Amino acid sequence: MTIVRSNGSNGSNVSQSPLIPDLADVIKSKKEQNIPKPDLPEESQEQMERMTDAVRTLLEGVGEDPEREGLLKTPQRVAKAMQFLTSGYKQSLEDIINGAIFDEGHDEMVLVRDINLFSLCEHHMLPFMGKAHVAYIPNQKVVGLSKLARIVEMYSRRLQVQERLTRQVAEAVQEILEPKGVAVVIEATHMCMVMRGVQKPGSWTVTSAMVGVFEQEQKTREEFFNLIRHQPAFF
Ligand SMILES: [Zn+2]
């Protein structure tokens, strides 16, 4: 059995690759600068401008003045942040696994627990955050441990609902390794419930996805749940 605790402060123990270059730094809005930037595809420039315009509209909508000093660069900052927080759309499983699959003949449970995750709910585009625990029972093939955290990261950096995120991580592990089983549990707290709506700080949501032996055999499932039992601490 292999158990890894992920302690990376950025949500995993994997360094972040800046998939999205500093778009907002590169592109000033048309109002400020009208020089085309040849190092960016025209489509991205246009998209960035549309995003910054939309943020300006939002600011006006809440009664703010987008021209006041403190807010001048906010539309670009928000657009840039959104690009980063949704950069998972530009990644694929193939990209992140990058061949890191090994034939080890290992057939005991592999568990990476406490993978920090940060995502945005697709209903409010507000953050939800928590921890993912990902386990599988190999059928010969294993994947580099950090890749499990990268899979969680890729699907988290898209607009999500927690249930789908959980299922997607399980299906991804199933797809790349064809293991005997996969188990994924995500525990998260949703800012759309904490800061608005029912306003219940401290509430958290648990979702699970079980595939193969984890679905079929209660004993295997129990072993997994025993291994991830802990007091969640989100803040
Ligand atoms: Zn929400």
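Values as computed for the structure displayed
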item	result
Cα principal axis extents for region 31-150, largest first, Å	62, 34, 22
Zone of LYS219's modelled label, taken as backbone nitrogen in region 95-109 under 18 Å from a point 7 Å along Cα→Cβ	107-109
Convex hull (Cα only) mean projected area of region 87-226, reported in nm² to one decimal	8.2 nm²
Alpha carbon centroid spacing (whole Å) that separates region 196-231 from region 89-140	15 Å
Antiparallel bridges, percent of DSSP beta bridges restricted to region 45-175 (to nearest 5)	85 percent
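A short reminder: the numbers here are calculations on the coordinates, not readings from a lab. Bear in mind the structure is a predicted one, so any value in this text is a computation, not a measurement. No Cβ is skipped: glycine too gets one built from the backbone with ideal geometry, and neighbour counts run over all protein chains shown.
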